[in-house]
Amino acid sequence: MPDIETEPGAGSAAAPIALVILAAGAGKRMQGPVPKQLLPTRDGMPLLQKTINAARSCIKSMAVRGLPGGVLVVLGANSEAIKEHCDLSGCRVLMNDDWTSGMSSSIGLAIKELQTSQPDIAGVLLIVADQPGVSAAVLEAPIACFEKQGSVLVVSSFKSADSDTKIPGPPAFFAREFFDELLQLEGDAGARKVVLAHGDKLETVDFPEGGLDIDTPSDYKSYLATGT
């Protein structure tokens, strides 16, 4: 398989970082005719497209600082519609035929591909496709902790919709020392198990809008009403 397309760093020999967008799920709780990944954001573009654009911008900023990277998008359900309505140029696209088994299968697929195609990779930033508050700055924050402080596990921190207590969540950076554990994940819980197992290495960055993720029609209605 070819490498993911990386934006080269400016004269740097730094190991690359992959921004992995997990977009394979069916979003069944939305119960609508439009796949969740293609729901229009407040500016009119599909939700997934907004995430892809933020990742592209992040990669360009990284390159200016001499840090190479690329964007990998994992698709599964509704893949043909997504390819038709989203601009995936410059991204490596992986098809997860096992998407019904949960997000862990998409994480594992991405990690295996990166271990093969990018054996010198420094780490991954795992991004979900249903957080409309994601921006290039939000994605750059965890990477900057790794780049400047050597932090190996950096997750976003935000309040959930029904609590004032901050919780860890995506986007989340994992240095490659955690790849074996990411490959052992099962089900739809994402990488939370790995995060909780390494509190001694955990760093967090604030993402105030992170608590709004679009899972249900009421979530989407709230997003449209309040904005992000």
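The values are calculated or read from the model by the stated rules, or taken from the named source; none is laboratory data. Not measured: the values here are computed from a predicted model. No Cβ is skipped: glycine too gets one built from the backbone with ideal geometry, and neighbour counts run over all protein chains shown.
Data table
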read-out: Residues within the range 199-228 that are of a type in the set (S, T, N, Q) and crowded, with 19+ Cβ neighbours inside 10 Å, tallied; value: 1
read-out: Selection within the range 130-169 - buried (at least 19 other Cβ atoms within 10 Å of the Cβ), of a type in the set (A, V, I, L, M, F, W, C) and modelled with pLDDT under 95; value: 158
read-out: Members of the range 155-191 found to be under 16 Å from residue 125 (Cβ atoms) and of a type in the set (S, T, N, Q), listed by number; value: 156, 157
read-out: Flag if residue 109 is over 21 Å from residue 48 (Cα atoms), touching a residue at least 24 places away in the same chain (Cβ under 8 Å) and surrounded by 19 or more Cβ atoms within 10 Å (Cβ to Cβ); value: no
read-out: Unmet criterion (only one of (1) of a type outside the set (D, E, K, R); (2) exposed (fewer than 14 other Cβ atoms within 10 Å of the Cβ); (3) over 29 Å from residue 45 (Cβ atoms); (4) in contact (Cβ under 8 Å) with a residue 40 or more places away in the chain) for residue 196; value: (4)
read-out: Failed criterion for residue 66 (all others in (1) within 18 Å of residue 132 (Cα to Cα); (2) more than 13 Å from the chain's Cα centre (by Cα) hold); value: (1)
